[in-house]
Amino acid sequence: MKLATLDNGTRDGMLVVVSKDLTRCCAAGYIAPTMQAALDNWERVAPELEVLARDVEHEAVPCERFHERQAHSPLPRAYQWADGSAYINHVELVRQARGAKVPESFYHDPLMYQGGSDSFLRPRQDIPLGDPAWGCDMEGEIACITGDVPMGCTPEQAAGHIRLLMLVNDVSLRGLIPAELEKGFGFFQSKPASAFSPVAVTPDELGAAWADSLIHLPLMVDLNGQPFGRANAGVDATFNLAQLVAHAAKTRNLAAGTIIGTGTVSNKGADGGAGKPVAEGGAGYSCIAEIRMIETIRDGAPRTPFMQAGDTVRIEMRDAHNHSIFGAIEQHVVAV
């Protein structure tokens with residue numbers, strides 16, 4: 001089933017069930033008033049939401065037109081948002097560009113940082129940019145929302161706690177990252193509010209595309225109306241979402257409503273080396289930093305600029321029949 005949160009004048013919005021084709025929705029308040037309430041009581045309310053989803057498909061209940069522009073992120077705020085780095089190709093390129101090797105531990109011990117979760121940007125909300133020198137970048141990713149996850153669970157157990165899947169634009173300010181990392185305490189100012197797709201879906205909604213706790217479909221990233229990335233989220237992943245959830249739960253319980261991200265989706269080139277732009281027949285990139293790293297490695301300096309005021313990024317994923325699965329994240333960068 002597909003779920004979304006619409007604006008009803010409250011901070012946490014109103015839970016709705018969305019039709020498979022993303023055209024209609026029905027309020028689910030009599031089952032659970034908010035997405036978080038549904039997650040808190042998933043075992044009880046999920047079957048009721050599934051019944052409502054079937055009724056929406058058969059137009060057996062009153063529905064309204066679903067407008068992606070009216071959607072919050074599925075969780076307008078969350079108890080926890082932790083982002084990993086499942087696609088080590090991305091890390092390899094960053095390290096290679098500055099002449100450093102990837103530590104061996106990165107291949108069996110995932111990277112992860114704690115992001116701000118008290119407020120997310122809406123899927124169609126502008127990205128505020130205070131200074132172009134901050135180096136505004138998009139990062140196209142996949143994320144899952146978990147139920148309650150016990151400390152010390154295995155990846156196999158963690159897979160059973162994945163409730164919903166969605167897309168992410170993990171906005172990054174590349175110009176601020178080096179100084180923050182030098183302090184040894186990780187990201188803070190360099191990671192402003194992220195945005196998530198208008199719709200979150202249960203894993204079974206993806207059919208065969210959901211396998212091994214990965215979505216085996218291309219993530220479509222467009223920059224200013226042009227294809228920028230088409231990396232397949234099921235390819236070149238060193239870690240899957242279940243492994244990332246288990247990693248996050250190594251020393252703590254995770255509360256229902258925890259969001260775990262994959263990090264930037266990144267594919268190697270056909271020859272096993274750096275990927276090529278979409279315009280050259282490659283899978284392209286899910287963030288600007290990656291093509292800048294390739295330019296640095298190849299030419300000695302980057303050429304592609306980071307996003308500026310007026311730029312637009314769109315992130316979407318389509319099924320085998322070319323139907324949008326999660327709706328689209330579409331954001332303009334604005335000067336503030």
Once you've got the GNM for the chain with C-alpha springs shorter than 10 Å, pick whichever of 172, 73, 266 has the biggest mean-square fluctuation.
-> 172
Taking the highest mean first, how do the peptides 221-227, 135-141 order by number of other beta carbon atoms within 10 angstrom per residue?
-> 135-141, 221-227
Charge tally in the Cβ shell below 10 Å around residue 223, where Lys, Arg are +1 and Asp, Glu are -1, residue 223 excluded | -1
Okay, helix-only estimate at 222 nm for the chain: each DSSP H run of n ≥ 4 adds -39500 (n - 2.57), divide by all residues, round to 500 deg cm²/dmol; what do you get?
-> -5500 deg cm²/dmol
Value of relative contact order over the chain, rounded to a whole percent, pairs C-alpha under 8 Å and six or more apart | 22 percent
Taking the Cα centre of the stretch 152-249 as origin and charging only Cβ (+1 Lys, Arg; -1 Asp, Glu), how large is the dipole, in debye to the nearest 20?
-> 260 debye
Share of antiparallel DSSP beta bridges in the chain, in percent to the nearest 5?
-> 85 percent
Ranked packing of 175-185, 231-241, most packed first, by mean Cβ within 10 Å = 231-241, 175-185
The stretch 80-167 - charge dipole about Cα centre, Lys and Arg +1 at Cβ, Asp and Glu -1, debye rounded to 20 | 100 debye
Please work out, to two decimal places, the log10 of the ratio I(q)/I(0) at q = 0.10, 0.16, 0.17 Å⁻¹ from a Debye calculation in which every Cα of the stretch 86-195 carries one identical scatterer.
-> -0.38, -0.97, -1.07
Assigning unit charges at the beta carbon (Lys, Arg +1; Asp, Glu -1) and nothing else, what dipole magnitude in debye, to the nearest 20, does the stretch 62-210 show about its Cα centre?
-> 280 debye
Accessible surface, the stretch 36-81, averaged per residue in Å² (probe 1.4 Å) = 57 Å²
With the charge dipole of the chain built from beta-carbon charges (+1 for Lys and Arg, -1 for Asp and Glu) about the Cα centre, the Cα from 82, 130, 216 projecting farthest to the positive end belongs to 130
Cα-projected label distance for residue 21 with residue 48, points at 7 Å along beta-carbon direction, nm = 2.9 nm
Counting only protein heavy atoms and using a 1.4 Å probe, what share of the accessible area of the stretch 1-148 belongs to carbon plus sulfur, as a whole percent?
-> 48 percent
Per residue, accessible area of the stretch 185-287 with a 1.4 Å probe, heavy atoms of protein chains only, in Å², comes to 39 Å²
Expected max-MSF residue from 94, 51, 199 in the GNM of the chain (alpha carbon, under 10 Å) is 51
Within the set 191/250; 183/268; 183/276; 101/268; 101/191, which residue pairs have Cα atoms separated by over 26 Å?
-> 183/268; 183/276
Square roots of 5 times each gyration tensor eigenvalue, C-alpha, the chain, largest first, Å = 32, 22, 19
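The values are calculated or read from the model by the stated rules, or taken from the named source; none is laboratory data. Note that the structure is a prediction, hence the values are computed from the model and not measured. Ideal geometry is used to build each Cβ from the backbone, glycine not excepted, and the neighbour counts take in all protein chains shown. Areas reflect the complete protein model, heavy atoms only, side chains present, ligands, DNA and RNA absent. Shrake-Rupley method; radii C 1.70, N 1.55, O 1.52, S 1.80 Å.
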